[in-house]
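The values are calculated or read from the model by the stated rules, or taken from the named source; none is laboratory data. All of these numbers come straight from a predicted model, not from anything done at the bench. With ideal geometry, Cβ positions are generated from the backbone for all residues, glycine too; neighbour counts draw on all protein chains shown.
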Amino acid sequence: MTRISLVVSDVDGTLLTKDKVLTDGARAAVRRLDQAGIGFTITSSRPTIGMGFLIEPLQITLPVGPFNGSAIVDSQLKPIEQHLIPATAVERGIRLLTEFGIDIWLFTNDQWLISNPKGEYVPHEQRTIRADPTVVTDFAPYFSATCKIVGASSDAPLLQRCAAEMREAIGAQATVVRSQSYYLDITSPGCNKGTFVQAMAKRLGISTSAIATIGDMENDLAMFRQSGLSIAMGNATDDVKKSATEVTTSNAQEGFAGAIDIILRHNTAS
C-alpha cells in the first residue's frame, strides 16, 4: 500500500457539522496529520469567499480548491488558476433554470449575485459562506466572469430533472453536478474535484495514489476516483459509500476525525 502524503477533504457535510461548525475534534485531527508529516487541504463547491474562515484555524498553507475544484487559490485566497464557464453556457444555463422556476445564483471569484433576495436558501447560504449577496436585475454583465452558477430548490426531484436537461443542453461546455440535495452546481468544463487532486499531486511531486480524499456527495466522486484512499462520510448516500474505499461515521459523530484515524492507521500498516 502507498503511504498517504496528502489529505484532501470536502467541507460541508464532511469537515463541518450540519450546523456549519468546525469542531474541536476536527481541528485536533488536522493537527494529528501535521504531526505525522501529512499535508492537508480542502476543496468544496463553496465560492472562494466562503473558504477563508477555515484557513487560520486549520493552519492551511497549501492551495485550496473552491468551485468544486474549478479554481485553485492560495492560502490568502488569491487565484493561482481560474477556469470560467463559457459565456454561451452561462446564458443557456440561466435560461433553463428560469424555465424550471429554480432560484439562480451566479458567483464570480469575489461576488455572490442573486436575482431573488427572498429565495428559500439565501439565508442558509449567507450563514454557510459568511458573506452577503448582491442583488441584480440582470446577470448578463457577469457572463464573462462566471465561476459557478447554482440552482437552489427544496424540490429535489425537480433539481434532478433539471440536472439531466442541463447536461443535455450544455453538453461539454460545463460540468453539471449536485453538491447538495437542494443545490445544482454548474462549473467550468473539464474541471472538478478530481482535477484538483491531480493538480495538487503535480504541485507536490507525489503520485495521486499517495492522496487520501474525504467526502459525502456526488461531486466528491471525481476526487475519490483520483485518489489512492477514499473515505465516505456516514451521512453520505449509499452510492457515494459504495464508491469509497472506506466509510467513517457521520458528520454529527466526528466522522471527519474518524476518517483521519483511518488514514493514520493506513500509513502505520503500509
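Data table
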{"quantity": "Number of the condition not met by residue 107 [criteria: (1) surrounded by fewer than 20 Cβ atoms within 10 Å (Cβ to Cβ); (2) under 16 Å from the mean Cα position of the chain (by Cα)]", "calculated": "(1)"}
{"quantity": "Residue in the range 68-90 that is part of a strand (DSSP E or B) and of a type in the set (Ser, Thr, Tyr) present", "calculated": "no"}
{"quantity": "Complete set of residues in the range 42-53 that are buried (at least 20 other Cβ atoms within 10 Å of the Cβ) and either in contact (Cβ under 8 Å) with a residue 40 or more places away in the chain or part of a loop (DSSP other than H, G, I, E, B) (or both)", "calculated": "43, 44, 45, 46, 47, 48, 50, 51"}
{"quantity": "Selection within the range 31-46 - in contact with an Asp or Glu (Cβ under 9 Å, 6 or more places away or on another chain) and either closer than 22 Å to residue 226 by Cα or modelled with pLDDT under 95 (or both)", "calculated": "40, 42, 43, 44, 45, 46"}
{"quantity": "Residues satisfying the stated conditions in the range 112-128, i.e. part of a loop (DSSP other than H, G, I, E, B) and surrounded by fewer than 17 Cβ atoms within 10 Å (Cβ to Cβ)", "calculated": "116, 117, 118, 120"}
